[in-house]
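Colleague: Mind looking over this structure? Questions follow.
The values are calculated or read from the model by the stated rules, or taken from the named source; none is laboratory data. Keep in mind the model is a prediction, meaning the values are calculated, not measured. Ideal geometry is used to build each Cβ from the backbone, glycine not excepted, and the neighbour counts take in all protein chains shown. For accessibility, only protein heavy atoms count, side chains too; no ligands or nucleic acids. Shrake-Rupley method; radii C 1.70, N 1.55, O 1.52, S 1.80 Å.
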Amino acid sequence: MDEARLHRRGVGAVWLATFIWAWGPVLVKWSDLPGPTFAMYRLWTGVLVSTIALLVTRRRITWSAFRACAVGGVLFATDIGLGFTAIRATTVADVALIGALAPVAIVLVSAYRLHEPVSLRAWLLVGASFVGVVIVAVASAGAPSWTLRGDVLAVLSIGTWSTYWFFSRHVRERFDPIVYFGCVMLAGALTMTPFALLVDGVPSGVTGHDVFAVVIVAIFPGFVGHTLVIWSHKHVASWLSALITQVSPVITAVLAWIVLGEAIGPVAALGGAITVGATMAVISLDAGDADEQHLEEAAEKVS
């Protein structure tokens, strides 16, 4: 198959992954499970999926691999615990658009670690991204499902996701991706379970649609979406993948309006457009180093 056709299929795969990821926050909000409990079930479902993947590919998790990768699981569990709780506490659009700032934080920290200067234009765009989020938060303040607590948790999840991303970039150079995924899911499940039981108590009254939401989030945003993007790596430039995936918060906001009835006011929509547009511009400016930095991973604010 010629490279042009593979490129088109790769771009299509990234767009499909972006649409799949957009459903994650909506399904979390659609479920009646508290955030930590949803995260616990999602992680144990991830353990099951990774176990099947390990068996099919004839790989196994060693104790040394688990010890080296376990911190990633703790960070991932913390991130989705914060993210899922934020989704339950405030509007889905707020959480999705605040999460769009994660790639900006990663680009800035990467530049600092590599001792690379950040241009004035980049700083102005970063400032615009934050202004957009502030506009969204202020405009959403009157919405019935909005809370300041939820927005704060979403902001905190930017830090946990960025830390998880940098740790993963470092560790995955030494371990097979399937093995790393299995370690992260297991360590994350072991971390989240006692916390969820302590905060939410022993789960009761779990309905069929709760189970459906957990399984769909674990399989599609959690596994299929990542698989599509990983396959596209060889055929789509990283900066282009990152730009495409940054559309996910917009799709999430639209889905939240259609499925959950969370209307988006014109001012909030303007703030969201500023945030997404400025973030995409920051990624475009960094496109020269995108192949090395794998920016599409930074844009994967996964569920």
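Colleague: Being hydroxyl-bearing (S, T, Y) and surrounded by fewer than 21 Cβ atoms within 10 Å (Cβ to Cβ) narrows it down to one residue among S204, S162, S232; which is it?
Modeller: Exactly one of S204, S162, S232 is hydroxyl-bearing (S, T, Y) and surrounded by fewer than 21 Cβ atoms within 10 Å (Cβ to Cβ), namely S204.
Colleague: Residue check: is L27 of a type outside the set (K, R), buried (at least 17 other Cβ atoms within 10 Å of the Cβ) and under 19 Å from L190 (Cα atoms)?
Modeller: No.
Colleague: Moving to a separate point now. Taking the residues in the range 180-199 that are hydroxyl-bearing (S, T, Y) and out of contact with any Cys (no Cβ under 8 Å at 6 or more places or on another chain) as candidates, determine which candidate is nearest to A70 (Cα to Cα).
Modeller: Of everything passing the filter in the range 180-199, T191 is nearest to A70 (Cα to Cα).
Colleague: On to the next question. Scan the range 167-198 for residues that are in a helix (DSSP H, G or I) and open to solvent by 40 Å² or more (accessible area, probe 1.4 Å) and report the count.
Modeller: Summing the residues that are in a helix (DSSP H, G or I) and open to solvent by 40 Å² or more (accessible area, probe 1.4 Å) in the range 167-198 gives 13.
Colleague: Within the range 209-229, track down each residue that is within 15 Å of I20 (Cα to Cα), open to solvent by 50 Å² or more (accessible area, probe 1.4 Å), modelled with pLDDT of 85 or more and not aromatic (F, W, Y).
Modeller: Within the range 209-229, V215, I219 meet the criteria.
Colleague: Given the criterion in a helix (DSSP H, G or I), at pLDDT below 95, within 17 Å of F76 (Cα to Cα) and not acidic (D, E), identify the matching residue among V11, V49.
Modeller: V49 is the lone residue from the list that is in a helix (DSSP H, G or I), at pLDDT below 95, within 17 Å of F76 (Cα to Cα) and not acidic (D, E).
Colleague: Do you know which residues across the range 89-130 are of a type outside the set (A, V, I, L, M, F, W, C) and under 22 Å from T160 (Cα atoms)?
Modeller: Result: T90, T91, D94, G99, P103, S110, Y112, R113, G127, S129.
Colleague: Taking the residues in the range 235-265 that are open to solvent by less than 40 Å² (accessible area, probe 1.4 Å), aliphatic (A, V, I, L, M) and not in a helix (DSSP H, G or I) as candidates, determine which candidate is nearest to A77 (Cα to Cα).
Modeller: Here the residue is V247.
Quick grid of which residues meet (1) without any contact (Cβ under 8 Å) to a residue 24 or more places away in the chain; (2) of a type in the set (D, E, K, R); (3) farther than 21 Å from T45 by Cα:
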position: L198; (1), (2), (3): yes, no, no
position: V202; (1), (2), (3): yes, no, no
position: T207; (1), (2), (3): no, no, no
position: D210; (1), (2), (3): no, yes, no
position: L243; (1), (2), (3): no, no, yes
position: I251; (1), (2), (3): no, no, yes
position: A256; (1), (2), (3): no, no, yes
position: E262; (1), (2), (3): no, yes, yes
position: P266; (1), (2), (3): yes, no, yes
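One line per residue, one yes/no per condition, for (1) modelled with pLDDT of 90 or more; (2) surrounded by fewer than 16 Cβ atoms within 10 Å (Cβ to Cβ); (3) within 21 Å of A273 (Cα to Cα):
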position: V56; (1), (2), (3): yes, yes, no
position: A77; (1), (2), (3): yes, no, no
position: I80; (1), (2), (3): yes, no, no
position: A89; (1), (2), (3): yes, no, no
position: V92; (1), (2), (3): yes, no, yes
position: P103; (1), (2), (3): no, no, yes
position: V118; (1), (2), (3): no, yes, no
position: W123; (1), (2), (3): no, yes, yes
position: V138; (1), (2), (3): no, yes, yes
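Colleague: Let me ask something else about it. Mind listing just one residue for me: the one in the range 274-287 that is over 19 Å from the mean Cα position of the chain (by Cα) and surrounded by fewer than 22 Cβ atoms within 10 Å (Cβ to Cβ) and, of those, farthest from V118 (Cα to Cα)?
Modeller: Filtering first and then ranking leaves I274.
Colleague: Let me ask something additional. Quick one: H209 ticks every box in (1) part of a helix (DSSP H, G or I); (2) more than 26 Å from T91 (Cα to Cα) bar one, so which box is it?
Modeller: Result: H209 fails condition (2) only.
Colleague: For the range 21-46, name all the residues that are assigned to a helix (DSSP H, G or I), of a type in the set (A, V, I, L, M, F, W, C) and within 23 Å of L75 (Cα to Cα).
Modeller: Within the range 21-46, W21, A22, W23, V26, L27, V28, F38, A39, M40, L43, W44 meet the criteria.
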